[in-house]
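Coordinate-derived values only; no laboratory data. In this text the structure is predicted, and so the values were computed from the model without any measurement. Don't worry about glycine lacking a Cβ; one is built from the backbone with ideal geometry, like all the others, and counts go over all protein chains shown.
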Amino acid sequence: MASVRRAVVAVYFEKYATLILNFATLYVSSRLLTPNEIGAAFLGASLIALAEGLRDFGVTNYIVSAENLSKQEIRTSFTLMLAVAIVLTTALVATAGLYADFAHEPRLENFVRIVAFGYLFSSIGSPIVALLRRDLKFWSIATINLGSALVGNITTISLVMMGVGYMSFAWGSLSYPLSTFIFAILMRPDLSIFRIEFTKWREILAFGGFNTATGLLTALSAVIPTFMLGRASGSTDVGLYSRGQQVTEMPSRLVISAISAVALPGFAAHARTGRPLKDPYLKAAASLTAFHWPGLAMVILFAYPLVYTMLGSQWDTTIPLVQVMAAATMLYFPVPLMFPALVAAGGIRDTAKAWVISLPITSLIMILAAQHGPFVLALSIFVTTPIQVGVGLWFLMRRLKLSVGEYLRALGPSAAVTMATALGPLVVIGLNGLDMNISVLLALLGGGLGGVFWFLAMGWTRHPFAGELAYLLGRAQALAPARLHAPLASIRRFLGETTEPGQVPAPGRADSEINTMGRLGGVQSVWSVVKERSGRLFERSPGWPTSKEGRGVGDESL
């Protein structure tokens, strides 16, 4: 548990730092480039994203999830990745002109050819990163990814400011795998794994075949709508749609990308012990939605100040797109954890089957919607996402022996937390005459108020992630001045921590209360818990006003 906690902290640190760098690129490029230029770059990136589904041929996930991994298998993995990279690079360079003609966008030819060479560097850096993921060394991975993001974003911003235009993104994309390769070698300088070998290549290919099919189908689901929109409406509408996506995906970058990065190695390590995955999966789903849903609610309610701050007032036509896509994306939450859980549970084939079933239907819907412009395409997400999620969950719930009732009960606290969080923005919007076009200052006020309500709701609802918050506060209490120990201990008790410093935690209390709520049902049981939680928050801690001795908290697992 402690290793997973450290991994999550490392990944969140990386994601937040990378988000700042990406925001700088987004801010500069949105003001110096036109929607048409950004749309052309996004169309080029769409083809690269499609090829990304083939790039590692499932090798990295094999390295992470294999029960016993030898150096010979690592070398075989590198050999296969290098072979696929050479084929992909050659194919993309040779067919770039055909893709540009088909997309009615001649500027894509050079864009695709430049970015294609990045696959050669990825084939060297990716095995190292996969080995670090397997060992849960996420601080090392954070160093690699953050360094690469720094190089890539600085390259892109510099070229945009020099007037290179949409090709700035091509050169920035190429610099990313190149720098990843360099940083990975520095972090794990074991060059002995880079040898041509074919030990157990059949097993790796068997795993990689289904993994690649899943990755390719996943990429297709993301590429088809924007590609068809480009053919039907041109690069300008693609630029508007892509920028709307980027604003919408802010909570996903902070939450989903971090949790999903830890999910596969965490689930795989748990599965190797022989224990069932149902409980870890439900806790991960609850933790994800506790942040993702409130974040998307904030995006919907603060779409005006977000777009004006991130993109500029010239992009105001993307505001309805942002609100629609954020609302629809709330339905997407099972997907990021679905693949890691199925792979760890031995259901790698199920992931490909789920996409084979859902993709033809959703693709047809998106292709038809794209003919009517970006707004109708955004609305189609309300139809396509439930189809994708429903099929995938059917396989997952059968594999984990998970019932619908158990799933809904696990998500109930997150739904309550989301509604509580939305009260903060709604109060500010109400004071603004129900006008959502509010200033950045009012948005910050509403966001801060929503954050307070979020924290209170985490305790009142007995959210599963409240224990992790209590753990983090315990670590802070150990480092804080003595006068802050009692207030922090009071907050920890409000979040469900019942252990006195230095004692072994009593793990059953929070779980028993949740189970009691589930058995009793109704308003009375929920209200009794809320009253108890409120009392705990404001109760007078023993020794609060008089104790001058600091009491630390150990590193015990909660």
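Structure values in brief
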item: Extension gain (nm, one decimal) between Leu472 and Glu406, 0.36 nm per residue minus Cα-Cα; result: 21.0 nm
item: Alpha-carbon centroids, the stretch 468-489 and the stretch 380-399: separation in whole Å; result: 41
item: Kirkwood Rh, angstrom, the stretch 274-411 [1 / mean 1/r, Cα pairs]; result: 16.6
item: Of Lys71/Lys137; Lys15/Lys71; Lys137/Lys283; Lys15/Lys278; Lys71/Lys353, pairs whose Cα-Cα distance is over 24 Å; result: Lys15/Lys71; Lys15/Lys278; Lys71/Lys353
item: Förster-model FRET efficiency, 30 Å R0, Leu150 and Ile361, C-beta, rounded to 0.05; result: 0.15
item: Isotropically averaged projected area of the stretch 422-487, using the convex hull of Cα atoms (one quarter of hull area), nm²; result: 6.0
item: Coil-residue trypsin sites (Lys or Arg not before Pro) of the stretch 397-497, DSSP, other Cβ within 10 Å capped at 15; result: Lys401
item: Residue-span extension gain [His372 to Leu423] - 0.36 nm each, minus C-alpha spacing; result: 14.9 nm
item: Kirkwood estimate for the stretch 28-199, i.e. one over the average of 1/r between Cα atoms, Å; result: 17.0
item: Highest to lowest packing among 362-375, 281-294, scored as the average C-beta count within 10 Å; result: 281-294, 362-375
item: Order by protection proxy (mean Cβ within 10 Å, highest first), peptides 124-134, 346-356; result: 124-134, 346-356
item: Gain upon complete extension [Ser70, Asn110; 0.36 nm per residue less C-alpha separation]; result: 10.3 nm
item: Note, ³J(HN,Hα) from phi for the stretch 457-473, Karplus 6.51, -1.76, 1.60, rounded to Hz, x at Gly and Pro; result: 5, 4, x, 5, 8, 6, 4, x, 7, 4, x, 5, 4, 4, 4, 5, 5
item: Packing rank of 305-313, 39-47, where each peptide gets the mean count of other beta carbons within 10 Å, highest leading; result: 39-47, 305-313
item: Mean projected area in nm² (Cα convex hull; one quarter of hull surface) for the stretch 346-503; result: 15.1
item: Test item: Cα-centred dipole of the stretch 28-199, Lys/Arg +1 and Asp/Glu -1 on Cβ, debye; result: 360
item: Computed label-point distance, nm, for sites Phe13 and Thr34 using a 7 Å Cα→Cβ extension; result: 4.4
